[in-house]
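What follows is one structure encoded as structure tokens, with my remarks underneath.
The values are calculated or read from the model by the stated rules, or taken from the named source; none is laboratory data. Nothing here was measured: the structure is a model prediction, and the numbers come from that model. Cβ coordinates were reconstructed from backbone atoms using ideal geometry, including for glycine residues, and neighbour counts include every protein chain displayed.
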Amino acid sequence: MSSSHADHDRRRVSAWRLWGVGAATAVLAVLLAKSGILVARRFLLLPLFAPQGYGPWRDAAATAYVLGAGLIALAATLLLRLLLAATPRAMVFFGWIMTALTFLAVLIPLALHRSNEMLAACVVNLFIGLIVTSLLASAARWAQTRGGRAPRPAWQGRGW
């Protein structure tokens, strides 16, 4: 086996690229969670994560939910990084794990309390799960390099 063939099969992951997209995904997850809460409260008139009678702590649940969405996106980035380093078919495992976690995130609000507010939480959780999964899956393909060399930018070699 030639060394060029061995280099072709060896894949490396650019941690900067992966974590950069992971951080951007976390910001997007925070924005999606906050937007979902605002849509539920202002347009659907559902008091999502705003229990009555909690005074100054009324928005504490919403803040925890929004920050939790960002932390979950960062945890998903860490999961993806570990899978890329330790498993032969990392993207298959990542897809199935994220699908199961998204399914769980959709079911938990229904198991806690069946109401219109929790139905709205299920929809928001579904959107966050799908977007985090798709963005990180794309980031994994972009962050992987072959043979230890960085991939060529798309604009090189096209006469631009």
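Points to keep in mind about this one:
- In the stretch 78-92, the residues that are free of Cβ contacts under 8 Å to residues at least 60 places away in the same chain and surrounded by 17 or more Cβ atoms within 10 Å (Cβ to Cβ): Leu79, Leu83, Ala90
- Residue within the stretch 42-61 that is crowded, with 18+ Cβ neighbours inside 10 Å and farther than 20 Å from Ile131 by Cβ present: yes
- Residue in the stretch 106-123 that is under 16 Å from Leu28 (Cβ atoms) and in contact (Cβ under 8 Å) with a residue 12 or more places away in the chain present: no
- Look at the stretch 10-38: where a residue is in contact (Cβ under 8 Å) with a residue 60 or more places away in the chain and a partner is β-branched (Val, Ile, Thr) and surrounded by fewer than 17 Cβ atoms within 10 Å (Cβ to Cβ), sitting 6+ places away or on another chain with Cβ atoms under 6 Å, you get Arg12/Thr145.
Table: residues versus (1) modelled with pLDDT under 95; (2) part of a helix (DSSP H, G or I); (3) of a type in the set (Gly, Ala, Ser).
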{"position": "Ala75", "(1), (2), (3)": "no, yes, yes"}
{"position": "Leu80", "(1), (2), (3)": "yes, yes, no"}
{"position": "Met91", "(1), (2), (3)": "yes, yes, no"}
{"position": "Met98", "(1), (2), (3)": "no, yes, no"}
{"position": "Phe103", "(1), (2), (3)": "no, yes, no"}
{"position": "Ile108", "(1), (2), (3)": "yes, yes, no"}
